[in-house]
Amino acid sequence: MKIAFVGKGGSGKTTLSSLFVRHLAAAGAPVVAVDADINQHLGAALGLSDEEAAALPAMGARLPLIKEYLRGANPRIAAADSMIKTTPPGAGSRLLRIREDNPVYEACARTLHLEGGPVRLMATGPFTEADLGVACYHSKVGAVELCLNHLVDGRGEYLVVDMTAGSDSFASGMFTRFDMTFLVAEPTRKGVSVYRQYKEYARDFGVALKVVGNKVQGPDDVDFLRAEVGDDLLVTVGHSDWVRAMEKGRPPRFELLEAANRDALAALREAADGSYERRDWARYTEQMVHFHLRNAESWGNAKTGVDLAAQVDPGFVLHERLAEEGADGLAGAAVSPLPVPAG
């Protein structure tokens, strides 16, 4: 299951995404965690020292390797450097799986040994002083989007992405790449403003969205959130001594997390797992193609000097059944025909 945590800066989305990753690991579930925030704090929240977190390989810096691997033997892509963040897979492309070993994980992921089991952690890389005035952070996040486009994950497998703050996620089509999006909101007017933006932008794309109320202190806060977001409010989380200790770098055993917060994490997993039955791989692929064609027309063709619409394999539908095809990870024939949407 592909899961995103979003919210305004300071809402606690990194803390909650790290708790969710720990919760999954404690249950023995296979997990890949991705720090896609402009402020790279997920590694520290998962127990890395500042030095260890800073040493994480940056996906953005390894984009050529990612492109070359995912290109595989796809005849519609003449060269890896013609791929952009929205390039969809087709017959011959290499696909990614949660449980496998591959060159992308080898170059970009580090294994953390949390209570219950290992977790792969990947990071886009920080926005550095050298990037000021010459680069856009979304060019770094593009590596994550390209991987999501080529990921075939199944029931009981989890990719958890700590997204960049606010509504910046809508600068690309990556907001449509998830089975479930958890929006972390404080019980304040500013706290729910990002929810309104997300709800409006995502309405036409079938994005599954649930709100996690954070820093909730009492019934009045719950009532406020319920009045503002309605049935989208899934759970609320209050003060946690465990989290406070974790933020000091001295987390207790995860089993000592407060019972109410453990229940909240269980509710998040239940909601994520419930989205599995609503998966529509044809629509997922169609959205992928839709954003690719938009990017191609607006900037991609000019940047690459290639007609990127030709990269679209009109008969290809991404599906987890493709994970069973070939030890090399090459995608085979299409599952079913797929019409290519206009622009």
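Yes/no per residue for (1) within 23 Å of Gly117 (Cβ to Cβ); (2) out of contact with any helix residue (DSSP H, G or I) (no Cβ under 7 Å at 6 or more places or on another chain):
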{"residue": "Ala36", "(1), (2)": "yes, no"}
{"residue": "His41", "(1), (2)": "yes, no"}
{"residue": "Gly60", "(1), (2)": "no, no"}
{"residue": "Leu63", "(1), (2)": "no, no"}
{"residue": "Pro75", "(1), (2)": "no, yes"}
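Do we have Val184 as open to solvent by less than 30 Å² (accessible area, probe 1.4 Å), part of a helix (DSSP H, G or I), touching a residue at least 24 places away in the same chain (Cβ under 8 Å) and under 15 Å from Ser11 (Cα atoms) here? Considered against the rule, which asks whether it is open to solvent by less than 30 Å² (accessible area, probe 1.4 Å), part of a helix (DSSP H, G or I), touching a residue at least 24 places away in the same chain (Cβ under 8 Å) and under 15 Å from Ser11 (Cα atoms), Val184 comes out as no. Checked against the criterion of being within 20 Å of the chain's Cα centre (by Cα) and of a type in the set (Asp, Glu), the candidates Asp37, Asp50 yield just one match: Asp37. Pairs meeting the criteria (first residue in the range 193-210 and over 17 Å from Leu225 (Cα atoms), second residue part of a helix (DSSP H, G or I), beta carbons under 6 Å, at least 6 apart or on different chains) are Tyr201/Phe170; Phe205/Thr176; Ala208/Ser275. Residues in the range 277-300 that are open to solvent by less than 50 Å² (accessible area, probe 1.4 Å) and either in contact with a Leu (Cβ under 9 Å, 6 or more places away or on another chain) or of a type in the set (Gly, Ala, Ser) (or both): Trp281, Ala282, Tyr284, Thr285, Met288, Val289, His292, Leu293, Asn295, Ala296, Gly300. Selection of the range 236-276 for residues being open to solvent by 20 Å² or more (accessible area, probe 1.4 Å), in contact with a helix residue (DSSP H, G or I) (Cβ under 8 Å, 6 or more places away or on another chain) and not in a helix (DSSP H, G or I) yields Thr236, Gly238, Pro251, Pro252, Glu258. Yes or no: Ala282 more than 30 Å from Gln311 (Cβ to Cβ), of a type in the set (A, V, I, L, M), part of a helix (DSSP H, G or I) and in contact (Cβ under 8 Å) with a residue 40 or more places away in the chain? So Ala282 does not fit the description; no.
Restricting attention to the range 73-121, the residues that are assigned to a loop (DSSP other than H, G, I, E, B), over 30 Å from Leu19 (Cβ atoms) and free of Cβ contacts under 8 Å to residues at least 24 places away in the same chain add up to 2. Restricting the range 12-52 to residues that are in contact with a strand residue (DSSP E or B) (Cβ under 8 Å, 6 or more places away or on another chain), among the hydrophobic types (A, V, I, L, M, F, W, C) and in a helix (DSSP H, G or I) leaves a set whose member that is most open to solvent (accessible area, probe 1.4 Å) is Ala26.
Scanning the range 58-72 for residues that are under 16 Å from Leu96 (Cβ atoms) and either among the aliphatic types (A, V, I, L, M) or in a helix (DSSP H, G or I) (or both) gives Met59, Arg62, Leu63, Leu65, Ile66, Lys67, Glu68, Tyr69, Leu70, Arg71. Restricting attention to the range 37-55, the residues being at pLDDT 95 or above and within 20 Å of Pro103 (Cα to Cα) number 0. For Lys8, indicate whether it is modelled with pLDDT under 95 and either touching a Lys or Arg at 6+ places or on another chain (Cβ under 9 Å) or farther than 25 Å from Glu297 by Cβ (or both). So Lys8 fits the description; yes. In this structure, Tyr198 qualifies as in contact with a Ser or Thr (Cβ under 9 Å, 6 or more places away or on another chain), of a type in the set (Phe, Trp, Tyr) and buried (at least 21 other Cβ atoms within 10 Å of the Cβ).
The values are calculated or read from the model by the stated rules, or taken from the named source; none is laboratory data. These numbers come from a predicted model, not from an experiment. Every residue, glycine as well, gets a Cβ built from its backbone with ideal geometry; the counts of neighbours run over all protein chains shown. Ligands, DNA and RNA are excluded from the accessible area calculation, which covers all protein heavy atoms including side chains. Shrake-Rupley method; radii C 1.70, N 1.55, O 1.52, S 1.80 Å.
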